[in-house]
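Here's the structure we're looking at; comments come further down.
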Amino acid sequence: MRLSGALIVLTCCLFSVALSAQARKPGLWEITTNMTFQQSPFPQGMAARPGSPFGGPHTSQVCITQEQIDKYGAPISEQRDCQVTNISKSATGMRAEMVCTGAMNGKGTLEASFLDGAHTKSKVHFAGTMQAGPQGPKPVEWTSESSSTYKGPDCGSVKPMSSPR
């Protein structure tokens, strides 16, 4: 269950980061993300433990390249076993679908709004199943909401997110 838990955390956080940093400007972005489970595959109370990535808002910094902006309208970091499809870009935001097969199976929607050149809001919603060891797949549904703020063109020591294959 630990590996599966790490997989869901990594997948949802990276998609949230990718959408929240909807950038029309390359450089350093600070992102605050809050994830909630509508249906958790974890034992009751596990997500609420101190230090859990599900226990409240988390802030991180990401470096966005012009290549990422040009390709998707945003830095989409596709994860192993997940693909981003049906990308629709506009001057005020972006929308896409996510399909995962593997340890986590299901579909999600990704959407973002560009509030201005330095601020964005985004939301990721996913529903499906997650492999839970010998117990087999368990239902999972989560929503992640993020906001981001542009910090400047210099990323400093923060390395750019890797682009999808």
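For Ala118, enumerate residues with amide H under 5 Å from its amide H, sequence gap 5+ or separate chain, H modeled in the peptide plane.
none
Using a simple spin-label model with points 7 Å from Cα along the Cα→Cβ vector, what separation in nm is obtained for Gln66 and Thr149?
About 2.7 nm separates the two model spin labels.
What are the radius of gyration and Dmax of segment 110-165, computed over its Cα atoms and given in Å?
16.8, 48
Got a sec? How would Thr143, Thr36, Thr85 order by Cβ neighbour count within 10 Å, fewest to most?
Result, fewest neighbours first: Thr85, Thr36, Thr143.
Extending each Cα 7 Å along its Cβ direction at Thr59 and Thr109, get the distance between those two points in nm, one decimal.
According to this spin-label approximation, the distance is 3.0 nm.
Starting from the Cα of Asn34, step 7 Å along the direction of its Cβ; do the same at Lys159; then give the gap between the two resulting points in nm.
Reported label-point gap for Asn34 and Lys159 is 3.2 nm.
What lysines does Lys123 reach when the alpha-carbon gap must be under 22 Å and sequence neighbours fewer than 8 apart in one chain are set aside?
Lys25, Lys71, Lys89, Lys107, Lys151
Place a +1 charge on the Cβ of each Lys and Arg in segment 90-165 and a -1 charge on the Cβ of each Asp and Glu, then give the dipole magnitude about the Cα centre in debye, rounded to the nearest 20.
The dipole of segment 90-165 has a size of about 160 debye.
Got a sec? How would Leu115, Leu110 order by Cβ neighbour count within 10 Å, fewest to most?
Leu115, Leu110
Coordinate-derived values only; no laboratory data. These numbers were taken from a predicted model, which means no experiment stands behind them. No Cβ is skipped: glycine too gets one built from the backbone with ideal geometry, and neighbour counts run over all protein chains shown.
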